[in-house]
Amino acid sequence: MDNELIPQSYYVVQGYVDAKDDRGGNINGTFVSLVTRRDVMFTSVHFEHVEMEKATPWRDLLSVHEEARKNKGRDPLLSHQEEELRKFLESSLILANVAKNLNPKPAEQAVSRFCLDDLKLKAVCFVRFARAGDDDIAFFQEEEPANDQAQQDAAPPTETPAQERRTLPQDERKDLLVRCEPILDPIAGVAMNELRDGDNLYCKLLVDSVIYKLLAKNNPRFDGVITATVTGIFTNELGTSTVSLSLSDGIAGFMKLSGKVRVMMVREMDGQGVSGKKDSGLFPAGLPPLEIPPEFILTAAVIVVVIAAIVALYYIFQL
């Protein structure tokens, strides 16, 4: 039968993601989508460390999602994972296939695989769906984003409520987000809980990251160490902190720290010498070269010769 003859039907697809990160921490995700057999009209994704009931009604989930978007102090890594999963759900049309085939299993497997391959999360996904009524579609039409009303007003009108809701912005992330590893400095570094926005520190790019490969291609001596500026710190209830970083224009980074570790800071030079954070000595940029007096070298050479002569005489008399 020609698909053109099938009446347009809307479905609400609701998903739950039970995951663990690379450190064994629990991450729980939920998503809600309004779909047809051919298209994804609206998708909202939320990740949190707090477990949520799988039976939570989808309208309640959307309320939780909306409240989370208003929180400016959220973990930037969770926000990044939300955005990546949302893009995947919209572009892959796996949720539209749920409505088309009335079978959620392929979507569950696809989301679990995406979390593992792209988000580095060991995840199990559960999906359920239901036919959307007129009041459900109206609900998506009335739902307004709290942070971008101006763009909603500027959005062009469309034919159906569902299509109109789809034009709403989804907090598109314009910066490329790169994971970094901290460089520890137990003696002269700054403790994680003492970091402040605007601090400059050293960190290291992962070898398999795109930015590392690009920089290494242009500079064979590049070892992955770069400087970054702290733009935010989020600490969860377990004491693990996610530090968001600014690497350059259009490139943001993040790194995870546990406990009160000390990280290596960038020294700031001024006319009086070293200022700002303490220096570890591993990056002595800006220090004058060390000058050794010739008299010191001559004295050291004489001492070495005398010691060698004494050792030689000792072995001769032993024989």
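When region 27-70 is filtered for residues that are aliphatic (A, V, I, L, M), in contact with a strand residue (DSSP E or B) (Cβ under 9 Å, 6 or more places away or on another chain) and within 22 Å of Ala107 (Cβ to Cβ), the ones remaining, listed by number, are Ile27, Val32, Leu34, Val35, Val40, Met41, Val45, Met52, Leu61, Leu62, Val64. Taking the criterion of being farther than 13 Å from Phe254 by Cβ and in contact with a strand residue (DSSP E or B) (Cβ under 6 Å, 6 or more places away or on another chain), the residues of region 71-94 that qualify are Glu82, Leu85, Arg86, Leu89, Glu90.
For region 40-76, a tally of residues being buried (at least 21 other Cβ atoms within 10 Å of the Cβ) and either without any contact (Cβ under 8 Å) to a residue 24 or more places away in the chain or more than 25 Å from Ala96 (Cβ to Cβ) (or both) returns 2.
What about Val190, is it β-branched (Val, Ile, Thr), under 12 Å from Met264 (Cβ atoms) and modelled with pLDDT of 80 or more? Considered against the rule, which asks whether it is β-branched (Val, Ile, Thr), under 12 Å from Met264 (Cβ atoms) and modelled with pLDDT of 80 or more, Val190 comes out as yes. Just to be sure, is Ala68 in contact with a helix residue (DSSP H, G or I) (Cβ under 7 Å, 6 or more places away or on another chain), under 29 Å from Ala252 (Cα atoms) and among the aliphatic types (A, V, I, L, M)? Criteria not met by Ala68. Candidates Leu34, Leu89, Leu77: the one that is within 26 Å of Arg179 (Cβ to Cβ), assigned by TED's automatic domain parsing to the domain that holds Lys100 and modelled with pLDDT of 90 or more is Leu89. Only one entry of Leu238, Leu245 meets the criterion of being out of contact with any Lys or Arg (no Cβ under 8 Å at 6 or more places or on another chain), at pLDDT below 70 and closer than 16 Å to Met192 by Cβ, and that entry is Leu238. Meeting the requirement of 1 or more residues that are hydroxyl-bearing (Ser, Thr, Tyr), the helices (runs of 4 or more DSSP H) wholly within region 1-106 are 58-69, 76-92. For region 212-242, what are the residues that are of a type in the set (A, V, I, L, M) and within 17 Å of His49 (Cβ to Cβ)? The answer is Ile233, Leu238. Selection of first residues in region 104-120 that are free of Cβ contacts under 8 Å to residues at least 60 places away in the same chain and of second residues that are among the aromatic types (Phe, Trp, Tyr), restricted to Cβ pairs under 6 Å at least 6 apart or on distinct chains, gives the following pairs, ordered by first then second residue: Phe114/Phe88.
The values are calculated or read from the model by the stated rules, or taken from the named source; none is laboratory data. Keep in mind the model is a prediction, meaning the values are calculated, not measured. In this analysis, Cβ positions are derived from the backbone assuming ideal geometry, glycine residues included, and neighbour counts consider all displayed protein chains.
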